[in-house]
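The values are calculated or read from the model by the stated rules, or taken from the named source; none is laboratory data. These numbers were taken from a predicted model, which means no experiment stands behind them. Neighbour counts are summed over all protein chains in view; Cβ atoms, including those assigned to glycine, are modelled from backbone coordinates with ideal geometry.
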Amino acid sequence: MNPPMHRTLLMATKSLAVHKLQAGLSALGIVFAVVAVVMMLAIAEGAKQDLMRQIALLGTNTLIVRQLPLTDRQRQKAAQSHSGGLTAADVRLLGGAVAAVAASAPVRYLRAAVQPAPDRRPPLVVSTTADYARIKNLALTAGRFLSDEDVARRQRICVLGSAVADRIPGGWQAGGTITVDGQPFTTVGVLARTDSSGGPRKALTGIDLNNAIFIPVGADAGIETDAGPPGAFSEITLQLRAGQPARRYGPVVERLMLDARSGFKDFEVVVPEALIDKAQQAQRTFNIVLGCITCISLVVGGIGIMNIMIATVSERTGEIGIKRAVGATQAAIAQEFLTEAALLTFGGALAGLLGGAVGAGLVAQFAGWPVRVTVWSMMLAVAMAVAVGVCSGLYPAWKAAHLDPIEALR
């Protein structure tokens with residue numbers, strides 16, 4: 001007859017307590033494996049949440065028509081095709097011919113010296129319209145963004161990115177003056193800090209919004225652009241009406257632009273939704289790789305548990321013989337050793353949970369990665385560890401249960 005479960009737990013606990021150092025060392029493999037599992041899941045979940053947040057900021061109903069840099073030969077073909085780069089005519093064409101377009105924002109990225117210079121990281125000057133902030137979901141911490149009136153009157157005003165405002169000697173001031181390419185611009189606002197230094201948002205904007213200065217289109221006369229013919233836009237950002245799929249209108253926009261250029265392509269149409277899918281695919285690959293690594297760690301930890309349990313069976317051969325002699329069944333012996341393996345891995349898993357949470361916090365603090373430790377990830381890590389421990393204890397338990405009682409006593 002098998003002893004009740006609570007008695008088996010008590011015997012297994014006492015047996016492990018007798019060999020504290022041995023049990024602790026054998027559980028180290030499980031501890032580090034669980035730390036790896038918790039940290040992997042925390043990093044993956046943090047990256048997923050950050051991606052979803054960036055998707056919400058970017059919106060899936062936007063299209064970007066971007067000017068391509070041209071060689072001298074391509075510029076000659078562009079002239080023959082009557083293409084002067086991205087112009088206001090293209091903005092009007094897309095806004096009038098594509099009924100799904102709700103708003104558009106032409107953008108020029110300018111090469112200009114800025115004074116007072118914030119430091120050795122020169123800010124990028126962005127010439128755009130009032131719709132840019134609405135399309136990009138930009139928020140402000142002070143002042144205001146560009147208005148339609150600023151664009152119409154070509155007002156020499158500017159809005160600073162958060163990093164630019166922080167690095168200006170003496171701090172920024174509303175109504176202060178920033179000199180762009182020798183021309184004075186009055187500061188009217190500061191953008192809130194955005195996560196545009198990496199990830200999908202950086203891939204779509206192409207710039208660090210925190211390290212940028214925004215001025216109205218038309219107030220940039222005489223300042224050199226970063227690409228395309230003089231006076232051309234660097235890109236045109238289109239916002240579609242709610243519920244309109246960007247994937248469907250990407251080819252439509254490209255066809256309209258090609259027709260206006262007699263088939264010459266000096267631009268590219270970027271669909272943010274497609275880039276987001278690529279980012280999610282890359283993240284899934286990253287998760288699979290990390291998952292394989294952590295599974296290997298768990299297997300190595302399980303091998304350590306099996307090794308120590310086999311050694312324990314050899315050490316306790318006499319004890320097993322006595323128990324069999326007084327009536328203990330093979331099932332009772334197997335149950336006791338399986339319980340010891342499960343307790344050993346469960347204790348290692350609990351220690352690994354603590355280590356994983358601390359490790360995830362250190363990653364967030366020193367690496368700056370977004371991490372998120374969830375309850376389900378902790379439960380999964382413990383379940384995987386205990387399952388590995390039980391599987392690792394099956395052979396030692398079978399070996400102990402099938403020892404010949406007479407040989408064991410001898």
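Given the residues A383, A364, A351, which is the only one that is of a type in the set (A, V, I, L, M, F, W, C) and closer than 18 Å to L25 by Cα?
Working: A383 fails: closer than 18 Å to L25 by Cα; A364 fails: closer than 18 Å to L25 by Cα.
Only one candidate passes the filter, namely A351.
Has the stretch 27-39 got any residue that is modelled with pLDDT of 75 or more and in a loop (DSSP other than H, G, I, E, B)? Explain how you work it out, then say what you get.
Of the stretch 27-39, the ones modelled with pLDDT of 75 or more are 27-39.
Remaining after also requiring in a loop (DSSP other than H, G, I, E, B): none.
No, the stretch 27-39 contains no residue that is modelled with pLDDT of 75 or more and in a loop (DSSP other than H, G, I, E, B).
As an exercise: evaluate R284 against (1) surrounded by 17 or more Cβ atoms within 10 Å (Cβ to Cβ); (2) over 30 Å from V91 (Cα atoms); (3) basic (K, R) and give the number of the one condition it does not meet.
Just one mismatch for R284, condition (1).
Return yes or no: is L353 assigned to a helix (DSSP H, G or I) and assigned by TED's automatic domain parsing to the domain that holds G301?
On the way: assigned to a helix (DSSP H, G or I): yes; assigned by TED's automatic domain parsing to the domain that holds G301: yes.
Yes.
I need the full set of residues from the stretch 317-334 which are surrounded by fewer than 20 Cβ atoms within 10 Å (Cβ to Cβ) and of a type outside the set (A, V, I, L, M, F, W, C), in order please.
Selection gives T317, G318, E319, G321, K323, G327, T329, Q330.
Quick one: in the stretch 312-350, which of the residues that are in a helix (DSSP H, G or I) and free of Cβ contacts under 8 Å to residues at least 40 places away in the same chain is farthest from the chain's Cα centre (by Cα)? Outline the logic, then answer.
Step one: list which residues in the stretch 312-350 are in a helix (DSSP H, G or I), which gives 312-315, 317-325, 330-350.
The next check asks that each one be free of Cβ contacts under 8 Å to residues at least 40 places away in the same chain; those that pass are 314-315, 319, 323, 350.
Details: S314: 50, E315: 50, E319: 55, K323: 56, L350: 27 Å.
Once the filter is applied, the top-ranked residue is K323.
Output the residues belonging to the stretch 17-28 that are surrounded by fewer than 24 Cβ atoms within 10 Å (Cβ to Cβ) and under 20 Å from V388 (Cβ atoms).
Q22, A23, G24, L25, L28
Does V373 meet the test of being under 27 Å from A42 (Cα atoms) and part of a helix (DSSP H, G or I)? Let's see the steps before the verdict.
On the way: under 27 Å from A42 (Cα atoms): yes; part of a helix (DSSP H, G or I): no.
It is false that V373 is under 27 Å from A42 (Cα atoms) and part of a helix (DSSP H, G or I).
Can you confirm whether G199 is at pLDDT below 85 and surrounded by fewer than 16 Cβ atoms within 10 Å (Cβ to Cβ)? Step through it out loud before you land on a result.
Values: at pLDDT below 85: yes; surrounded by fewer than 16 Cβ atoms within 10 Å (Cβ to Cβ): no.
The answer is no for G199.
Residues that are among the hydroxyl-bearing types (S, T, Y) and at positive phi: list the strands (runs of 3 or more DSSP E) wholly contained in the stretch 85-189 that include at least 2 such residues. Spell out how you get there, then give the answer.
Details: elements: 101-111, 124-128, 140-143, 157-160, 177-180.
No strands (runs of 3 or more DSSP E) qualify here.
Which pairs turn up if I take residues in the stretch 389-410 that are free of Cβ contacts under 8 Å to residues at least 60 places away in the same chain and look for partners that are crowded, with 21+ Cβ neighbours inside 10 Å with beta carbon separation below 8 Å, at least 6 apart in sequence or on another chain?
V390/L338; V390/A341; V390/T345; L394/L338
Is there any pair linking a residue in the stretch 246-264 that is more than 22 Å from L70 (Cα to Cα) and touching a residue at least 40 places away in the same chain (Cβ under 8 Å) to one that is surrounded by 14 or more Cβ atoms within 10 Å (Cβ to Cβ) and among the acidic types (D, E), with Cβ under 6 Å and at least six apart or on different chains, and which?
Sorted first by the residue in the stretch 246-264, then by its partner, the pairs are A246/E273.
From E254, E224, which residue is of a type in the set (D, E), touching a strand residue (DSSP E or B) at 6+ places or on another chain (Cβ under 8 Å) and modelled with pLDDT under 80? Even if it seems obvious, please write down each step before you answer.
Numbers: E254 fails: modelled with pLDDT under 80.
E224 is the lone residue from the list that is of a type in the set (D, E), touching a strand residue (DSSP E or B) at 6+ places or on another chain (Cβ under 8 Å) and modelled with pLDDT under 80.
Could you tell me whether any residue of the stretch 395-404 is surrounded by fewer than 20 Cβ atoms within 10 Å (Cβ to Cβ) and farther than 22 Å from N307 by Cβ? Full working, then the answer.
Filtering the stretch 395-404 for residues surrounded by fewer than 20 Cβ atoms within 10 Å (Cβ to Cβ) gives 395, 398-399, 402-404.
Among the residues that remain, those that are also farther than 22 Å from N307 by Cβ are: 404.
Looking for residues that are surrounded by fewer than 20 Cβ atoms within 10 Å (Cβ to Cβ) and farther than 22 Å from N307 by Cβ, one finds at least one in the stretch 395-404, hence yes.
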